[in-house]
Amino acid sequence: MEKIYDFKALTSKGKELDFKDFEGKVLLIVNTASKCGFTPQFAGLEALNKKYKDRGLVVIGFPCNQFASQDPGTDSEIEGFCQLNYGVTFQIMKKVDVNGEDAHPIFKYLKSQTKGFLTSSIKWNFTKFLISKDGTAIKRYAPTTKPEKLEKDIETFLSM
């Protein structure tokens, strides 16, 4: 059976990241955008990253330009924006599609494991996926769910 650890993706700098390296960690994967009403959630995601990274949380942002073209920049512009405006230190990946034929395999997998409201498609930026240490439990959160609302589930997954 396929697991999150079977995937690889490119960082914003073009380096391959092997998700096998995250076995035993809790992952928080988010499709992000720099020009969205939810963009201030970068601050909340970074707060979670700082608070829990030493306990095993890994936050990973995947920029996506599929929703109202709200992340039109280059990979380096997007990463610079996140660092400059929100102090982001967590991993920002290369821009990807999350829906459709060209959706990144990680998002095809995550959508197949969790259903959204009425559909498995991702409806907007800042849809969040929390993955347990062993990769078996995956929770999906709506774009409107603020990062701080994930703390209870993060604590639970970290203690499993």
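Within segment 143-160, list the residues whose amide N lies under 20 Å from a label point set 7 Å along Cα→Cβ of residue 134.
Only 153-160 fall inside the zone, counting backbone N under 20 Å.
Counting other Cβ atoms within 10 Å of each Cβ, which GluC sites (Glu not before Pro) in segment 20-98 have at most 13 and sit in a DSSP loop?
When the GluC sites (Glu not before Pro) of segment 20-98 are filtered for loop state and at most 13 Cβ neighbours within 10 Å, 23 remain.
Can you tell me the length gained on complete extension of the stretch residue 85 to residue 153, counting 0.36 nm per residue apart and subtracting the Cα distance?
21.8 nm
At 20 °C and 1.002 mPa s, what whole-number value in µm²/s does Stokes-Einstein give for the translational diffusion of segment 10-160, with Rh from the Kirkwood sum over Cα pairs?
140 µm²/s
Among 11-22, 146-157, what's the highest-first ranking by average C-beta atoms within 10 angstrom per residue?
146-157, 11-22
Could you name the aspartates and glutamates in cross-link range of residue 146, using Cα to Cα under 14 Å and dropping any fewer than eight places away on the same chain?
The qualifying aspartates and glutamates are 46.
Using a 1.4 Å probe and counting only protein heavy atoms, arrange 74, 145 so the residue with the most accessible area comes first.
Of 74, 145, the descending order of accessible area is 74, 145.
So, R0 is 41 Å and r is the distance between the beta-carbons of residue 51 and residue 2; what FRET efficiency does that work out to, to 0.05?
That pair, residue 51 with residue 2, gives E of 0.85.
Of the heavy-atom accessible surface of the chain (probe 1.4 angstrom), what whole percent is carbon and sulfur?
Carbon and sulfur: 52 percent of the exposed surface of the chain.
If you take every DSSP beta bridge fully contained in the chain, what fraction is antiparallel? Give it as a percent rounded to 5.
Beta bridges within the chain, antiparallel portion: roughly 55 percent.
Averaged per residue, what accessible surface does the chain expose to a 1.4 Å probe, in Å²?
Averaged over the residues of the chain, the accessible area is 49 Å².
Test of the criteria: in segment 110-146, which chymotrypsin sites (Phe, Trp or Tyr not before Pro) are in a DSSP loop and have at most 14 other Cβ atoms within 10 angstrom of their Cβ?
Those that pass, being in a loop and sparsely packed, are 117.
Normalising by the residue count of segment 9-160, find the relative contact order in percent from Cα pairs under 8 Å and 6+ residues apart.
Reported relative contact order: 31 percent.
Using 7 Å Cα-to-Cβ label points, what is the residue 16/residue 121 separation (nm, one decimal)?
Label at residue 16, label at residue 121, 3.2 nm between them.
The values are calculated or read from the model by the stated rules, or taken from the named source; none is laboratory data. Keep in mind that this is a model prediction, so the values were computed, not measured. As a convention, Cβ positions derive from the backbone with ideal geometry for all residues, glycine included, and neighbour counts pool all protein chains shown. These area figures cover heavy atoms from the full protein model, side chains too; ligands, DNA and RNA do not enter into them. Shrake-Rupley method; radii C 1.70, N 1.55, O 1.52, S 1.80 Å.
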